[in-house]
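Please read the structure below before turning to the comments.
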């Protein structure tokens with residue numbers, strides 16, 4: 001029995017998120033487990049690094065599973081891709097030590113949020129950007145984002161139904177990049193609470209709109225009250241870019 | 001009653017092509033006519049410049065229709081986009097003379113065909129490229145394409161069920177561009193027979209594979225026999241980029 005780590009990308013548009021659920025088979029985890037069970041000829045459990053929400057995409061989700069059959073590791077991506085739906089692709093597979101766990105061992109994650117902020121987005125990217133009509137200022141958004149970098153209690157930035165036991169997380173960096181006609185927000189941290197990235201984006205947007213002042217962002221963090229932060233930006237604009245497993249990813253520049 | 005020309009883009013993945021059909025409501029023309037009929041409060045017929053096939057996309061399809069209500073022309077795109085499905089967008093509307101006809105008056109069209117020729121295409125572009133695994137040579141494809149430029153009888157390059165009365169067309173240019181990991185083929189002409197661009201692409205691919213020699217392409221044209229040309233490349237790689245209405249578009253550089 002070997003422990004295999006895979007890197008996968010998916011278009012989350014048509015899925016109810018990563019995690020297997022009782023009421024639907026349309027989750028990324030279930031599609032992977034079905035395909036791997038076919039390859040392995042007995043049931044396979046897949047552990048994902050990030051439980052992405054419905055509609056959230058991934059360019060570099062990581063997962064691991066145990067497999068019994070003697071398929072060479074480099075044959076796993078093509079074998080999986082023959083069985084998976086077209087909107088989920090395995091891009092890499094590697095053998096890892098038996099104690100490797102994709103979620104527990106993750107040292108950090110990088111997310112990208114794309115806001116389309118000028119004219120009408122092309123139909124070809126419609127599912128991957130959040131179309132926001134009112135003009136936003138990436139400079140002001142970047143100023144506000146600086147208050148969120150570092151080690152903080154992110155209680156104000158988690159969904160009401162978030163069940164995480166601890167609420168302190170480290171954000172290594174938030175970079176707001178003017179990619180006119182888009183604004184890209186790259187968020188890198190050691191871990192994220194439920195909806196945390198999307199609430200950060202909603203808050204930065206509200207700062208740009210003048211509903212929240214730049215200096216208030218630190219006060220919102222300190223208040224530990226979800227009602228003070230901004231709205232939850234839509235899932236479609238969010239993509240999990242990468243999961244880091246090296247300790248040295250934790251520098252801001254990494 | 002005003003004659004309105006619109007420019008539209010669409011993701012053709014989920015449609016049975018442009019043209020209204022008896023057996024399905026999932027055509028781009030029907031979606032536009034439904035939306036325009038709602039705006040106009042009585043039935044509207046839409047004339048499209050190009051009857052794109054199922055799965056073919058458009059960045060610059062043109063169409064025209066007559067409308068009775070007094071909506072300002074610049075309000076037509078947002079009004080349409082509120083009613084249209086997300087994968088069809090009206091990007092422009094303009095008033096045109098009463099005798100303008102989007103198809104009859106078109107002087108030329110430009111198509112783009114995208115071949116993904118290295119590694120696995122990202123899930124985010126999966127519906128817009130044709131994934132071709134064997135390595136192709138864009139230089140040889142370009143050499144073969146040169147034989148197709150100019151005024152020719154394209155009988156060998158039309159689908160068996162093509163009903164066009166005349167088979168002579170002018171191809172102004174075919175440019176094969178190395179966009180590694182993709183190969184782009186841009187085809188510009190005064191008009192195209194049914195499946196003509198896709199058969200040209202299949203033929204260029206077969207030349208690169210050595211199944212057809214470069215010098216044979218001219219012979220295939222002369223033979224007027226569909227069986228001698230290459231296969232019909234899949235619809236998903238094809239996008240209608242632009243429809244030209246100016247006479248001077250007919251130069252190769254245009």
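The values are calculated or read from the model by the stated rules, or taken from the named source; none is laboratory data. What you see is a predicted model; the values in this text were computed from it and never measured. FYI the Cβ positions are ideal-geometry reconstructions off the backbone, even for glycines, and counts take in every protein chain you see.
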Query raised in the report: Yes or no: residue B:56 at pLDDT below 95 and touching a helix residue (DSSP H, G or I) at 6+ places or on another chain (Cβ under 8 Å)?
Result: no
Query raised in the report: Of these, B:122, B:70, which one is more than 14 Å from chain A (Cβ to nearest Cβ) and more than 21 Å from residue B:241 (Cα to Cα)?
Result: B:70
Requested in this report: Being crowded, with 18+ Cβ neighbours inside 10 Å and within 14 Å of chain A (Cβ to nearest Cβ) is the filter; apply it to region B:99-119 and report the residue that is nearest to residue A:56 (Cα to Cα).
Outcome: B:116
Query raised in the report: Given B:217, B:197, which one is in contact with a helix residue (DSSP H, G or I) (Cβ under 8 Å, 6 or more places away or on another chain) and under 24 Å from residue B:140 (Cβ atoms)?
Result: B:217
Requested in this report: Scan region A:177-195 residue by residue and report those that are closer than 21 Å to residue A:244 by Cβ and in contact with a strand residue (DSSP E or B) (Cβ under 7 Å, 6 or more places away or on another chain).
Outcome: A:177, A:184, A:185, A:186, A:187, A:188, A:189, A:190, A:191, A:192, A:193
Query raised in the report: Residue check: is residue B:242 assigned by TED's automatic domain parsing to the domain that holds residue B:136, closer than 22 Å to residue B:9 by Cβ and at pLDDT 95 or above?
Result: yes
Query raised in the report: In region B:59-70, which residues are at pLDDT 95 or above and over 21 Å from residue B:104 (Cβ atoms)?
Result: B:59
Query - So residue A:89, is it within 14 Å of another protein chain (Cβ to nearest Cβ), touching a helix residue (DSSP H, G or I) at 6+ places or on another chain (Cβ under 9 Å) and over 18 Å from residue A:18 (Cβ atoms) - result: no
Report summary line: Counting only residues that are surrounded by fewer than 17 Cβ atoms within 10 Å (Cβ to Cβ) and within 19 Å of residue B:56 (Cα to Cα), region B:195-231 contains a total of 1
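What residue, of B:23, B:40, is closer than 30 Å to residue B:232 by Cβ and not assigned by TED's automatic domain parsing to the domain that holds residue B:124?
Working: B:40 fails: closer than 30 Å to residue B:232 by Cβ.
It is B:23.
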**Report entry** Within region B:112-195, strands (runs of 3 or more DSSP E) holding 3 or more residues that are closer than 27 Å to residue B:11 by Cβ
**Finding:** B:168-179, B:182-189
Report task. Working only within region B:125-149, note down all residues that are out of contact with any strand residue (DSSP E or B) (no Cβ under 7 Å at 6 or more places or on another chain) and within 14 Å of chain A (Cβ to nearest Cβ). Result -> B:125, B:126, B:127, B:133
